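**Student:** Handing you a structure now.
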Amino acid sequence: MLLEQIINGITLGSIYAIIALGFTLVFGVLGIINMAHGEIFMVGAFVGVTATGILGWPLWLAFIAAIVVTSILGYLLERFTLRPLRGKKGVSHLAPLISTIGVSILLENLSHHIFGAGNKPFNTSFSQISITIGSITIYLVQIVIFIISILLMIGLTIWLSKTKAGKALRATADNLETASILGVDTKKIIILTVVVASAIGGIAGILVGMAFNSVSPQMGLSMGLKGLAIIILGGMGNVKGAMVGGLILGLSETMLVAYGDSGYRDAIAFIMIIVILLLRPQGIFGSKVSQERR
Amino acid sequence: MRGLNKKLFSILSIIMLLLLAACGGGNTTTDSNSNKSEDGVISAKFGVIAYLTGAGAAYGEAITNGLKLAQKDINALGEVNIELVIEDSAGKADQALNAAQKIMSDDSITAIIGPTLSTEFFAVAPEVDLNGIPIMGTSTTVDGIPEIGDYVFRNAVPESLAIPAAIKKAVERTGAKKVAMIYGNDDALTKGGFDVMERTAKEMGLEITTIETYQEGQSDYNAQLTKIKNTNPDLILASALYNEGAVIMDQARKMGINIPFVGGNGFNSPQAIAIAGDAANGLIVATPYFGDSTDPKITKFNEDYEAEFGKKPDQFAAQAYDALFIYADALKRAGSADKEAFKEALAATKDLEGILGKFSFDEVGDVIMDVTVLEIKDGKFIEFE
Amino acid sequence: MVIEVKNITKNFGGISALKDVSFSINKGEIFGLIGPNGAGKTTMFNMITNIYEPTSGEIIFQGENITGIKPYKITEKGICRTYQNIRLFSQMSTLHNVMVGGHSQSHSGVFSSVFRTKAQRKEEQLLIERSEELLELVGLLEHKDTIAENLAYGQQRRLEIARALASNPSLLLLDEPAAGMNEKETDSLYDLIKTVQSRGITVLIIEHDMPLVMKLCDRITVLNFGEKLAEGTPEEIQNNEAVIEAYLGKEEDEVDA
Amino acid sequence: MLGEILNTYYLQIGSFILINIMLAISVYVPLSSGQLSLGSAGFMGVGAYTSALLTIHFDLPIVIGIIAGALAASALGVIVGIPSLRLSGVYLAIATLGLGEVIRVIFVNWDSLTRGSVGLTGIPQLGREILEFARGVGFEPAMIGIKNNQFVFLSIFLVLLVLVIVILWFVVRQQNSRVGRALSSINLDEKAAESMGINITYYKVISFTQGAFFAGLAGALFAHVIGYISPADFSYHRAVEVLIFTVFGGSEVIIGSVFGAFFLTLMPEVLRFVSEFRYIIYGILLVVLMAVRPQGILDANLLKKIKFKRSKGGIR
């Protein structure tokens, strides 16, 4: 049973981690908490359902569709909700938070109107493939999710530290003004960041749909809040922190269900937020500097 | 700064005065105790509070459709003439209460149907009861609804009727001794259903291996199911709405849990099959309404409904349809639209033939009727043998 | 002696912004702190007001060690400052800015404020009078109801001084008060600082306008790359080889850039 | 005569508007010192459950229940506030969001006390208690020509109106004082405020706690007006809704909260057809407001202009 639960925990944790990566990327560069990230993830899942279920597309095409749609959403998000606030005089640092809450409400309710309130099944033959060892059944999707999360983390780390775009990104994250003086096209970098983060959200959406065979408009909120908890746990803007934080949350939720009271499952993330913020606001892996920034 | 202070209060008082002034309008009520017209037709106005906008709008829509169809059929019979005043509650207790107040401010309203959710009903019914207006729930299945007051009734089959029936039949056939339970603990309907399940299981002397919960919006039930699987139950009692319930069954089957599930009212929907596919096989529910029944009353209702609204009816539509017939019957017996007489007649309802069967009310105003136990087999609901 | 800065060192992540700097200021002095950009002057202000805590060293104010105590307590003890890049409460009126400065000089809390007790009303009246008097001193009385961000640049600088004075400090820290001012404004600033001095307030000033510094200060400390380079009267400083080199070197740098 | 004017439906809506005004103020007050609290729903829930449980189980008078509810919420505000106020804006928002959710999860799970998601029924209703009391001293609603029912809702409405006026009076008085200036200076520039001798932690805790108090008060009143509460009433959505009242109406002036709560509570009642698109409209509203008018509909300038027009050019 323990082994099975650990597998469950790692699967869930990997999904949390992928969602947290999107949060952490945007926060790292823009210093903004994108409250709409969970809903972008949800839209990605719905695109997957629509593509495979209604349009009958193959899975790989559904993946591309989800990435494209969420990327466009990311661009729109940056263009219409974040950019107008940037560098504007008298705009409080809370404005982007409130503005992205607006986007999240909009997307959730739009999905309600378009797709209806209920769960949509996400049936693909791919998600039926499983390996049975003894009494334990592992689905291929679970393995894929874990691998994708690791790949995304490694990919992002390399991209950030080795490539030119990544370096520009980090320069922008350090200081917007200095970066633009140094000749970094900060506008482009910011768009790139939000788009990449959103696309990662879209990938996560499809993976969740496949793994749990359920997609609903409300899933964005609950996953989004978990993602938020993880980046606080792992340190804002920290890629490795997001990964480790995701796994910690996934495993502790699963272990709580296995050995404790499943009713408090959702509370773990929030208790974690509170405890971490009070004891170590920079997160487990964060440095003190990021906390000074508002 | 003092100026601002004063301005603030003056603005506020203007706002409030406007509001009070607004109260003046639109409340010219005529004395309408008895509306027996020349030709002996009794007419009455009923208020309807339904969940018409928001996440659960589908429920409210089914209910109002069922009522409208019943209204048409009843008025066509020519014995009574019913007018419906429909208000939206948006699934929220405070808005449901607003809607109730709006309806009650019209003195010519004889009785109320709704609201849709139990959480709304708990807020509305005490108020309506105190005003001496009869109210009936058609979809509120949680324990303790008719007990709110003398004027409170329901024709929805409560979980306390449906669930024990389903569990008993399931245990009879499978010979189950050990049951595991899972329910949504942040929803009043599923929580209410769970309370009944737990009570029933204890009364029947079943061993409860574990009790698991989930929350709204959750999509991963693997942890709970793994735990359930390891306790080796013979039967799973799942108090879930079909949305979550179907996903739970799907994940359970994938994990290799192949025992039957017993669900409550909220689990009973063809949607469960649409979502979970083959994984839904083995679900056992008790319901007053069996859509695929060959009973001519039901097939006629299904046809009429589909002709009128372009989709298949569900349990909520059928219960609402019968509810208005119960009201019409009480109205006939009361002989007038007087609230007091209507309430007395309503409470005396006995063995009224509706499309779902024979209706009677017990002493507190709860429904007495038979339920059918169904199971999903080969992707279809069939009667459980 | 009003303040004694003893062996202050401050490291930011391995880089020393200040290295073992000491100086002391006598009561009633106008004391200059000069040096090229990045010499650590503003950091020194941040040490004194404890916006950052020093890595080592201590600061003795009127015989009391104030190292590491909360910034607002330091203000209560009688040190108040202005900022290099003006930090007024931009959306507040001029008068209210000064009244906030008088915060530490008043005491009414929530209860007395809401019920407008006699003591509170008296205190409020007194605060307004004192603030208006300070506004008159800096020549802004006629603008008392103007929103601070709508004031002209020079006026904002003077308002910041008035706000700092409202806390009734014994030591006033001015961070480049003449920056961006024209000659006329600088002259009136000179008069203002002298008036402040005549009220018995000690002044510690960071300034790049050398003629003003030389005219104004009784003594000067020069910082360069976080270290104390020289200290003395304006005359001594003007003739100090090391100082000249540091400044000339800086000039060259600027030419290069 | 009075009996014909008073429509319980309008009184009911008026009561909910007043409760929402209190909630909006509970967000406004911390915001006036630069703190965004997303925990208003949680504090509201603590107030509601405390008062409901005390009055149901211990037969305490409603007044005591409501006061206890508000105090319980503010006590929680202090406990959570002191440590979390070291956090800057965004972090505080998330911490309070987390707190609100934890509180809701506790309500859901603490079955023996709260009956879980089924909720608490039979909470004594404020208006009827007043009616009983009035009868006790020999007053009958019929004496002023109104029905019992009308009296019940009129009394609720009046009690709430008085409370809202007292709260507004309190907040406005506080704003125009040393305390208010300190709060506002912290909002505008925390560092500068601190170097002006303002103990920012102290003032932040004060305003945060006041916010918790008002939210708790509103929650307790909500419980006794509606007579039934369940954890669903205090979800994240409620917190966001309350935030929207304040942000939409105008977060810089208190009248903005009043206006926001008034307008947005009334809108779905008056325009039933927008009700379906209500949340979509909310979402767009937030985005557009932040981009175009981050201070909300009403701000000091607009108020000044209105004043200017009224007094026909006379500047005070």
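**Student:** Within 10 Å of each Cβ in peptide B:96-107, how many partner chain Cβ atoms are there on average? Round it to a whole number, please.
**Tutor:** Details: counts 1, 9, 9, 3, 3, 10, 7, 1, 4, 9, 1, 0.
If you average over the peptide's residues, the count of other-chain Cβ atoms is 5.
**Student:** Angle, helix A:239-259 long axis vs. longest principal axis of chain A, Cα atoms, 0 to 90°, nearest 10?
**Tutor:** So the inclination is approximately 40 degrees.
**Student:** Also, I was wondering about something else. Quick one: which residues, 5 or more positions from B:Val179 or on another chain, have an amide H under 5 Å from its amide H? H modelled 1.01 Å from N in the peptide plane, none for Pro or chain starts.
**Tutor:** Result for B:Val179 returns B:Glu207, B:Ile208, B:Thr209, B:Asp234.
**Student:** Stokes-Einstein at 4 °C, 1.567 mPa s, Kirkwood radius from Cα pairs: D for the protein assembly as shown in µm² s⁻¹? Show your work: numbers first, answer last.
**Tutor:** Working: Rh = 33.6 Å.
Answer from the Stokes-Einstein relation: 39 µm²/s.
**Student:** Give me the log10 of I(q) over I(0) for segment A:13-68 at q = 0.23, 0.31 Å⁻¹, as the Debye formula computes it from C-alpha points; what are the numbers?
**Tutor:** Per q value, in the given order, log10 I(q)/I(0) is -0.88, -1.12.
**Student:** Hey, what did chain B get for relative contact order, percent, Cα under 8 Å, at least 6 apart?
**Tutor:** Details: 762 pairs, mean separation 66.6, N = 385.
Relative contact order, chain B: 17 percent.
**Student:** Here's something else I'd like to know. What is the Å³ per residue value for the convex hull set by the Cα atoms of segment A:1-111?
**Tutor:** Details: hull volume 14.9 nm³, N = 111.
Per residue, the Cα convex hull of segment A:1-111 comes to 134 Å³.
**Student:** Under a cut-off of 16 Å between alpha-carbon atoms, report the lysines in cross-link reach of B:Lys343, not counting same-chain residues fewer than 8 places apart.
**Tutor:** Within the straight-line limit of under 16 Å, B:Lys343 reaches these lysines: B:Lys45, B:Lys332.
**Student:** Counting each DSSP H run of 4 or more residues in chain A as -39500 (n - 2.57), what helix-only mean residue ellipticity at 222 nm follows after dividing by all residues, to the nearest 500 deg cm²/dmol? Please report the intermediate quantities before stating the final value.
**Tutor:** Details: 12 runs with 206 residues, N = 294.
My calculation for chain A gives -23500 deg cm²/dmol from helical runs alone.
**Student:** I would also like to ask the following. Percent of accessible area on chain C owned by carbon and sulfur, 1.4 Å probe? Display every interim value, and only then the final one.
**Tutor:** Working: 5400 of 11380 Å².
That share works out to 47 percent.
**Student:** Kindly give the semi-axes, whole Å and largest first, of the ellipsoid equivalent to segment A:224-274, taking each as the square root of 5 times a Cα gyration tensor eigenvalue.
**Tutor:** Details: eigenvalues 82, 24, 9 Å².
Gyration-tensor ellipsoid for segment A:224-274: 20, 11, 7 Å.
**Student:** Still on this structure, I have one more. As a test of the formula, what do you get for chain B when each DSSP H run with n ≥ 4 contributes -39,500 (n - 2.57) and the sum is divided by the residue count, at 222 nm and rounded to the nearest 500 deg cm²/dmol? Provide the component values of the computation, followed by the final result.
**Tutor:** Details: 12 runs with 174 residues, N = 385.
Taking each H run of at least 4 residues, the total per residue is -14500 deg cm²/dmol.
**Student:** Ordered by residue, what ³J(HN,Hα) values in Hz, to whole numbers, does segment C:203-219 give under the Karplus form 6.51 cos²θ - 1.76 cosθ + 1.60, where θ = phi - 60° and Gly and Pro are x?
**Tutor:** My calculation for segment C:203-219 gives 10, 10, 10, 9, 7, 9, 6, 4, x, 5, 4, 5, 6, 8, 7, 7, 9 Hz in order.
**Student:** If you look for lysine pairs in segment A:75-221 that are eight or more places apart or on different chains, how many of them have Cα atoms under 17 Å apart? Display every interim value, and only then the final one.
**Tutor:** Details: A:Lys88/A:Lys187; A:Lys164/A:Lys187; A:Lys164/A:Lys188; A:Lys167/A:Lys187; A:Lys167/A:Lys188.
Step by step, the pairs that qualify in segment A:75-221 add up to 5.
**Student:** Something else: First measure r as the distance between the Cβ atoms of A:Leu59 and D:Ile82, then evaluate 1/(1 + (r/R0)^6) with R0 = 30 Å and state the FRET efficiency to the nearest 0.05.
**Tutor:** Values: r = 52 Å, r/R0 = 1.73.
So the FRET efficiency works out to roughly 0.05.
**Student:** What is the spin-label model distance, in nm, from D:Val166 to B:Asp304 if the labels are put 7 Å beyond Cα along the C-beta direction?
**Tutor:** According to this spin-label approximation, the distance is 5.7 nm.
**Student:** Quick check on packing: order C:32-41, C:232-241 by the mean number of other C-beta atoms within 10 Å, highest mean leading. List each step's numbers first, then the result.
**Tutor:** Values: C:32-41: 21.9, C:232-241: 13.8.
Top of the packing list down: C:32-41, C:232-241.
**Student:** If you build a Gaussian network model of chain D, linking Cα atoms that sit under 10 Å apart, which residue out of D:Ala68, D:Ala134, D:Ala193 swings the most?
**Tutor:** D:Ala134
**Student:** Helix A:186-212 against the longest principal axis of chain A: what's the angle in degrees, Cα atoms only, rounded to the nearest 10?
**Tutor:** 10
**Student:** Any number yet on Rg/Rh for segment B:115-231, C-alpha, Kirkwood?
**Tutor:** On the way: Rg = 16.9 Å, Rh = 15.9 Å.
Checking Rg against Rh, the ratio lands at 1.06.
**Student:** Shape call for segment C:89-166 from the C-alpha gyration tensor, a ≥ b ≥ c root eigenvalues: rounded (a/c under 1.5), prolate (a/b greater than b/c) or oblate? Working shown, then result.
**Tutor:** Working: a/c = 2.42, a/b = 2.03, b/c = 1.19.
It is prolate, given that a/c is not under 1.5 and a/b is the larger ratio.
**Student:** From the P(r) of chain C, could you give the percentage of C-alpha pairs in the tail past 30 Å? Display every interim value, and only then the final one.
**Tutor:** Numbers: 9762 of 32896 pairs.
Taking all Cα-Cα pairs of chain C, the fraction more than 30 Å apart is 30 percent.
**Student:** Which ³J(HN,Hα) values in Hz, rounded to whole numbers, follow from the phi angles of segment B:68-81 under the Karplus curve 6.51 cos²θ - 1.76 cosθ + 1.60, where θ = phi - 60° and Gly and Pro get x?
**Tutor:** 5, 5, 5, 4, 4, 5, 5, 4, 5, 5, x, 7, 10, 10
**Student:** Could I have the simple spin-label model distance between A:Arg170 and C:Ser93, label points 7 Å from Cα toward Cβ, reported in nm to one decimal?
**Tutor:** Using points 7 Å along Cα→Cβ, the separation is 5.2 nm.
**Student:** Quick one: pull the percent of accessible area on chain D belonging to carbon and sulfur, 1.4 Å probe, ligands and nucleic acids left out.
**Tutor:** Working: 7280 of 10640 Å².
C and S fraction of accessible area: 68 percent.
**Student:** Would you pull out the residues with amide H under 5 Å of B:Asn81's amide H, same chain only if 5 or more places away, H placed 1.01 Å from N?
**Tutor:** Long-range HN contacts for B:Asn81: B:Ile42, B:Ser43, B:Ala44.
**Student:** Now for a separate question. Quick check: from the Cα gyration tensor, does segment C:104-257 come out rounded (a/c under 1.5), prolate or oblate? Could the numbers behind the result be given before it?
**Tutor:** Numbers: a/c = 2.69, a/b = 2.22, b/c = 1.21.
Prolate, since a/c reaches 1.5 and a/b exceeds b/c.
**Student:** A further question on this structure: Treating only the Cβ atoms of Lys and Arg (+1) and Asp and Glu (-1) as charged, compute the dipole magnitude of segment C:89-166 about its Cα centre; round to the nearest 20 debye.
**Tutor:** 260
**Student:** Starting from the Cα of C:Lys118, draw a straight line to each of the aspartates and glutamates and keep only those under 15 Å, dropping any in the same chain fewer than 8 residues away.
**Tutor:** Filter leaves no residues.
**Student:** Sorted by average packing, counted as other Cβ atoms within 10 angstrom per residue and highest first, what order do A:56-62, D:7-13, B:40-46 take?
**Tutor:** D:7-13, B:40-46, A:56-62
**Student:** Next question, about the same structure. Ranked by accessible surface with a 1.4 Å probe, highest first, in what order do A:Arg280, C:Arg199 come?
**Tutor:** Numbers: A:Arg280 95, C:Arg199 120 Å².
Descending accessible area places them as C:Arg199, A:Arg280.
**Student:** Could I ask something else about it? In deg cm²/dmol, rounded to 500, what helix-only [θ] at 222 nm does chain D give when every DSSP H run of at least 4 residues adds -39500 (n - 2.57) and the total is split over its residues? Walk me through the intermediate numbers first.
**Tutor:** On the way: 15 runs with 235 residues, N = 316.
Helices in chain D give a 222 nm mean residue ellipticity of -24500 deg cm²/dmol.
**Student:** Please report the projected area of chain B's Cα convex hull averaged over all directions, in nm². The partial results should precede the final answer.
**Tutor:** On the way: hull surface 92.3 nm².
So the Cα hull casts an average projection of 23.1 nm².
**Student:** Residues with amide H under 5 Å of D:Asp189's amide H, sequence separation 5 or more or different chain, H placed in the peptide plane at 1.01 Å from N; which?
**Tutor:** For D:Asp189, whose amide H was placed from the backbone, there are no distant partners under 5 Å.
**Student:** What do you get for the angle between helix D:178-188 and the principal long axis of chain D? Use alpha-carbon atoms, 0 to 90 degrees, nearest ten.
**Tutor:** With rounding to tens, the tilt is 60 degrees.
**Student:** Shifting gears a bit: In nm, give the distance between the simple-model label positions of C:Lys27 and C:His208, each being 7 Å from the Cα along the Cα-to-Cβ direction.
**Tutor:** Going from the C:Lys27 label point to the C:His208 one covers 3.6 nm.
**Student:** Provide the three semi-axes, in whole Å and in decreasing order, of the ellipsoid equivalent to segment D:2-234 as defined by the square roots of 5 times the Cα gyration tensor eigenvalues. Display every interim value, and only then the final one.
**Tutor:** Numbers: eigenvalues 240, 95, 34 Å².
Equivalent ellipsoid of segment D:2-234: 35, 22, 13 Å, largest first.
**Student:** Taking just the alpha-carbon atoms of chain A, what radius of gyration and Dmax come out, in angstrom?
**Tutor:** Reported Rg and Dmax, both Å: 18.7, 64.
**Student:** When the accessible area of chain A is split by element with a 1.4 Å probe, what percent falls to carbon and sulfur? Walk me through the numbers on the way to the answer.
**Tutor:** Values: 7550 of 10910 Å².
Here carbon and sulfur together make up 69 percent of the probe-accessible area.
**Student:** What share of Cα pairs, in percent, lie more than 21 angstrom apart in segment B:160-287?
**Tutor:** Numbers: 2298 of 8128 pairs.
Roughly 28 percent, rounded to a whole number.
**Student:** Just tell me how shielded D:241-249 is by partners: mean number of partner chain Cβ atoms within 10 Å of each residue's Cβ, no decimals. Please report the intermediate quantities before stating the final value.
**Tutor:** Values: counts 1, 0, 3, 4, 0, 1, 6, 0, 0.
For peptide D:241-249, the averaged partner shielding equals 2.
**Student:** Run the reach check for B:Lys168 against lysines, Cα to Cα strictly under 24 Å, same-chain hits fewer than 8 apart removed. What comes back?
**Tutor:** Cross-link targets: B:Lys177, B:Lys178, B:Lys191, B:Lys202, B:Lys229, B:Lys358, B:Lys377, B:Lys380.
**Student:** Starting from the eigenvalues of the Cα gyration tensor, five times each then square-rooted, give me the equivalent ellipsoid semi-axes of segment A:42-179, largest first, whole Å. Let's see the in-between values first.
**Tutor:** Values: eigenvalues 239, 114, 35 Å².
Three semi-axes, in Å: 35, 24, 13.
**Student:** Between C:Glu235 and C:Lys70, what is the FRET efficiency for a Förster distance of 35 Å, r being their Cβ-Cβ separation, to the nearest 0.05?
**Tutor:** Efficiency at R0 = 35 Å is approximately 0.35.
**Student:** Can you give the mean number of other chain Cβ atoms that lie within 10 Å of the Cβ atoms in peptide C:88-98? Intermediate values should be presented prior to the final figure.
**Tutor:** Values: counts 4, 10, 4, 10, 5, 0, 0, 0, 5, 5, 0.
For this peptide, the per-residue mean of nearby foreign Cβ atoms is 4.
The values are calculated or read from the model by the stated rules, or taken from the named source; none is laboratory data. Predicted, not measured: the structure shown is a model, and the values here were computed from it. Note that each Cβ is placed from the backbone with ideal geometry, even for glycine, and that neighbours are counted across all protein chains shown. Note: accessible area is taken over every heavy atom of the protein model, side chains too, but ligands, DNA and RNA are not part of it. Shrake-Rupley method; radii C 1.70, N 1.55, O 1.52, S 1.80 Å.
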